[in-house]
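Encoded as structure tokens, the structure appears first; notes follow it.
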Amino acid sequence: MKNILVTGGTGYIGSHTVVELLNLNYNVIIIDNLSNSKIVVLDRIEKITGKRPKFYKGDIRSKDDLRKIFNENKIDCVINFAGLKAVGESVKKPLEYYENNIYGSIVLLEEMKKNNVYNFIFSSSATVYGDPIDVPVDENSKIGGTTNPYGTTKLFIERILNDLVIAEPKFNICILRYFNPIGAHPSGLIGEDPNGIPNNLAPYITQVMVGKREKLNIFGNDYDTKDGTCIRDYIHVCDLAYGHVCAINKLEKSQGIFIYNLGTGKGSSVFDVLHAFEKAYGKPIAYAIAPRRAGDVKANYTDVTKAYNELGFKAKYDILDMARDAWNWQKNNPNGYED
Ligand code: NAD
Ligand code: UD1
């Protein structure tokens, strides 16, 4: 499999995966509607890799946009990053989320079938585990109990994919459940560029570091954890990007539907993450304790055995690396891609 169609390829995880693929000499074709990313990402990718991926400004909900791509390119495998991902927004605009994420994936799968393309890698999320009873979770842990429409789109698409391979055994699918991707490419040329006030921890911290926000609000220090703050499995976005190469290799060798959690296997508290960023910064970062955030789960991190045994995937980077690279990106691009 050499020709990879990457939907949402100018986004945060997509752009890092495209770099990884180009460095390994895959041919990359991107479709992105630029609803949450900037075209300048292509220049940055070219600067890092010396190669420019073929780009189509288009929408995965558009049969015409997809037909054009499948007509003009031989595609071996599709990685579907395209989707809306803001949890809070999904609560306010559920129909938009269900339409974009679920309908978009269905149109994409239909057009793949019409064009005899059956290899598919899907960006799912640890959010499908809801509030886990036991951690670490593994791929057999109970899924469901999502607390917002965004999470539910991931759950539904996973279900659709399971039904699809039963009806259409030619489909060959890898579902990747990402834990908490943070960090940036070590070049500082690509990274996470959220719109407005960041909802997620790492981009909020780096905006405090760069002077755009006054202090980090820590959402609750009264959880039953080692320091009272929530525990997550943060994974460097470059490790995550490499996970997609492992998934392509898996689909090359096997036929069916496969599910993997991608994380480091290590749970870190909010304070652990804050301290890692303070190390990268060389000074303290202002914070205050705030009330718990609705919908937050106490702890979620993964068992990494299955991904290691079946994909050969093992994260290389720790939270100090993630903090260093996220800070390097933010420092060099205080206003993200606007600069
Ligand atoms: P992102 O918003 O940076 O990237 C998504 C890209 O898809 C954007 O460039 C956007 O413009 C594009 N897009 C959205 N809808 C589209 C459509 N209908 N047609 C074409 N392009 C479209 O998000 P990300 O953080 O890179 O996440 C990528 C995928 O991984 C998403 O599906 C997300 O739900 C999933 N995921 C992300 C995280 C995370 O923490 N970032 C965690 C788990 C899963
Ligand atoms: C959130 C989403 C999840 C989504 C994931 C994508 C919620 C409830 N969950 O997960 O569905 O898949 O992002 O990466 O939104 N924190 C603070 N202060 C902040 C921001 C975060 O203390 O300003 C804390 C949170 O309470 C949490 C931890 O930092 O304990 C991580 O938060 P975040 O980065 O938003 O990720 P998740 O909550 O794991």
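Tabulated data for the structure shown
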item	result
Condition check for TYR103: touching a residue at least 40 places away in the same chain (Cβ under 8 Å), of a type in the set (Ser, Thr, Tyr) and crowded, with 23+ Cβ neighbours inside 10 Å	no
Total residues in region 303-339, condition free of Cβ contacts under 8 Å to residues at least 24 places away in the same chain and of a type in the set (Phe, Trp, Tyr)	1
Where a residue in region 290-302 is more than 13 Å from THR127 (Cβ to Cβ) and its partner, wherever it lies, is acidic (Asp, Glu) and open to solvent by 50 Å² or more (accessible area, probe 1.4 Å), with Cβ under 7 Å and at least six apart	LYS298/ASP224
Filter result for the condition that a residue is buried (at least 20 other Cβ atoms within 10 Å of the Cβ) and more than 19 Å from the chain's Cα centre (by Cα), over PHE171, PHE179, PHE219	PHE171
Qualifying residues in region 276-286 (those that are crowded, with 17+ Cβ neighbours inside 10 Å and small (Gly, Ala, Ser)) - the one farthest from ILE235 (Cα to Cα)	ALA280
Some residue of region 221-235 being within 11 Å of ligand 1 (Cβ to nearest atom), farther than 22 Å from ALA307 by Cβ and charged (D, E, K, R)	no
Test: residue in region 72-82 that is of a type outside the set (S, T, N, Q) and without any contact (Cβ under 8 Å) to a residue 60 or more places away in the chain	yes
Pairs, first closer than 16 Å to ILE218 by Cβ in region 192-206, second assigned to a loop (DSSP other than H, G, I, E, B) and near ligand 1 (Cβ under 9 Å from one of its atoms), C-beta under 7 Å, six or more apart	ASN199/ALA86; PRO203/GLU192; PRO203/PRO194
Sole residue being touching a Lys or Arg at 6+ places or on another chain (Cβ under 7 Å) and either within 29 Å of VAL78 (Cα to Cα) or at pLDDT 95 or above (or both), chosen from GLN207, GLN255	GLN207
Among the residues listed as VAL19, VAL78, the single one being part of a strand (DSSP E or B) and either β-branched (Val, Ile, Thr) or over 24 Å from GLU168 (Cβ atoms) (or both)	VAL78
Complete set of residues in region 309-339 that are among the polar types (S, T, N, Q) and assigned to a loop (DSSP other than H, G, I, E, B)	ASN333, ASN335
Residues within region 184-216 that are within 16 Å of PHE277 (Cβ to Cβ) and open to solvent by less than 20 Å² (accessible area, probe 1.4 Å), tallied	12
Output for region 227-275, where each listed residue is assigned to a loop (DSSP other than H, G, I, E, B) and surrounded by 20 or more Cβ atoms within 10 Å (Cβ to Cβ)	THR229, CYS230, ASP233, GLY263, THR264, GLY267
Answer from GLY145, GLY83 - the residue that is at pLDDT below 95 and either within 16 Å of ligand 2 (Cβ to nearest atom) or aromatic (Phe, Trp, Tyr) (or both)	GLY145
Filter pass, ILE289 being assigned to a strand (DSSP E or B), within 11 Å of ligand 2 (Cβ to nearest atom) and buried (at least 21 other Cβ atoms within 10 Å of the Cβ)	no
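The values are calculated or read from the model by the stated rules, or taken from the named source; none is laboratory data. Since the structure is predicted, the reported quantities are computational estimates derived from the model, not experimental observations. Here Cβ is always computed from backbone atoms with ideal geometry, including for glycine, and neighbour counts include all displayed protein chains. Only protein heavy atoms, including side chains, enter the accessible area calculation; ligands, DNA and RNA are left aside. Shrake-Rupley method; radii C 1.70, N 1.55, O 1.52, S 1.80 Å.
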